[in-house]
Amino acid sequence: DEVVYVQDSEFEIIRNGEYSDILKEYNKKNYERSDKYTNGILIINKNGDGLMVDTQGYDYARYKAYAPQVGEYIKKQQTMEMRQRANIELNLYVPLNVTRWDYECDAEESVDENDYVAEIREAVQRENRFETERGLAEYLDAGKVKEKVYKITPAVEMYNGKLLGVAKCLLTENLDAEELDNLKEYCVGQFSDGWGEGFEQREISTSDGNIYVHFWEYSNTYYIKTEEEMSEPSLSQGMQGMSV
């Protein structure tokens with residue numbers, strides 16, 4: 001009836017038939033104590049091993065069966081189900097900072113990103129070699145956002161005559177305000193310390209020499225916005241849509 005991912009310590013508690021707060025909460029939500037029907041919950045640890053537990057309404061595993069590596073199977077099934085339901089597109093836009101090294105001044109200088117659209121787009125596509133079809137969504141922490149966001153793919157797009165970075169998201173259902181903020185924060189983290197940190201170190205060859213593309217920079221003008229927020233008038237200088 002429900003799949004719950006737990007730390008190894010909690011997994012061992014349930015495996016040993018001890019009292020479990022997780023099972024208590026599960027029973028409180030779903031069942032009354034009974035010996036006449038089965039209450040099913042699948043507990044999975046960090047390694048993907050599972051326990052198929054029948055609580056019968058008790059706060060411990062009344063009956064259980066060990067299922068090694070069942071987590072991988074569940075993950076594939078969940079991904080397949082999400083893929084079928086993911087039909088909501090959400091784009092999150094960020095400014096790009098494109099630079100090259102000025103050897104005469106021995107310093108980095110900014111260049112116009114619009115001069116290198118094709119080269120930048122091709123470089124982003126090369127970088128997007130993910131372990132799974134979910135792209136950056138694979139690394140979201142467990143929770144509502146990960147359950148709703150099927151896929152995240154970095155890209156670049158022209159918007160109002162300017163090349164911008166984009167986190168192209170595919171959702172199974174709309175996010176509430178808090179979930180959207182969490183997703184924005186996650187994408188900024190990927191652009192600053194994850195995917196983007198690696199990408200900004202890759203040389204991109206152009207006819208004018210090598211350039212470097214940054215999806216994040218420490219600046220009070222940096223922002224991450226939905227398309228709707230992009231069309232809203234800015235009330236002040238600085239980051240609109242989310243502050244980091």
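The values are calculated or read from the model by the stated rules, or taken from the named source; none is laboratory data. Fair warning: this is a prediction, and the values are worked out from it, not measured in the lab. Cβ atoms come from the backbone with ideal geometry, glycine included; neighbour counts cover every protein chain shown.
Yes/no matrix, rows are residues, columns are (1) surrounded by fewer than 13 Cβ atoms within 10 Å (Cβ to Cβ); (2) among the β-branched types (Val, Ile, Thr):
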site	(1), (2)
Ser9	yes, no
Tyr19	yes, no
Glu25	yes, no
Ile43	no, yes
Arg62	no, no
Asp106	yes, no
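Hey, any hits in the range 4-16 for a residue that's touching a residue at least 60 places away in the same chain (Cβ under 8 Å), on the phi < 0 side of the Ramachandran plot and hydroxyl-bearing (Ser, Thr, Tyr)?
Yes, there is a match, as at least one residue in the range 4-16 is touching a residue at least 60 places away in the same chain (Cβ under 8 Å), on the phi < 0 side of the Ramachandran plot and hydroxyl-bearing (Ser, Thr, Tyr).
Consider Asp102 carefully, then state whether it is modelled with pLDDT under 95 and at positive phi.
no
Hey, among the residues in the range 71-90 that are at pLDDT 95 or above and surrounded by fewer than 17 Cβ atoms within 10 Å (Cβ to Cβ), which one's farthest from Tyr223 (Cα to Cα)?
My answer is Asn87.
Could you tell me which of the residues Tyr66, Tyr93 is part of a strand (DSSP E or B), in contact with a Phe, Trp or Tyr (Cβ under 7 Å, 6 or more places away or on another chain) and either on the phi < 0 side of the Ramachandran plot or hydrophobic (A, V, I, L, M, F, W, C) (or both)? Reasoning before the result, please.
Values: Tyr66 fails: in contact with a Phe, Trp or Tyr (Cβ under 7 Å, 6 or more places away or on another chain).
That would be Tyr93, the only listed residue that is part of a strand (DSSP E or B), in contact with a Phe, Trp or Tyr (Cβ under 7 Å, 6 or more places away or on another chain) and either on the phi < 0 side of the Ramachandran plot or hydrophobic (A, V, I, L, M, F, W, C) (or both).
Just one of Tyr222, Tyr218, Tyr186 is at pLDDT below 95 and within 22 Å of the chain's Cα centre (by Cα); which is it? Reasoning before the result, please.
On the way: Tyr222 fails: at pLDDT below 95; Tyr186 fails: at pLDDT below 95.
None of the others qualify; the one that does is Tyr218.
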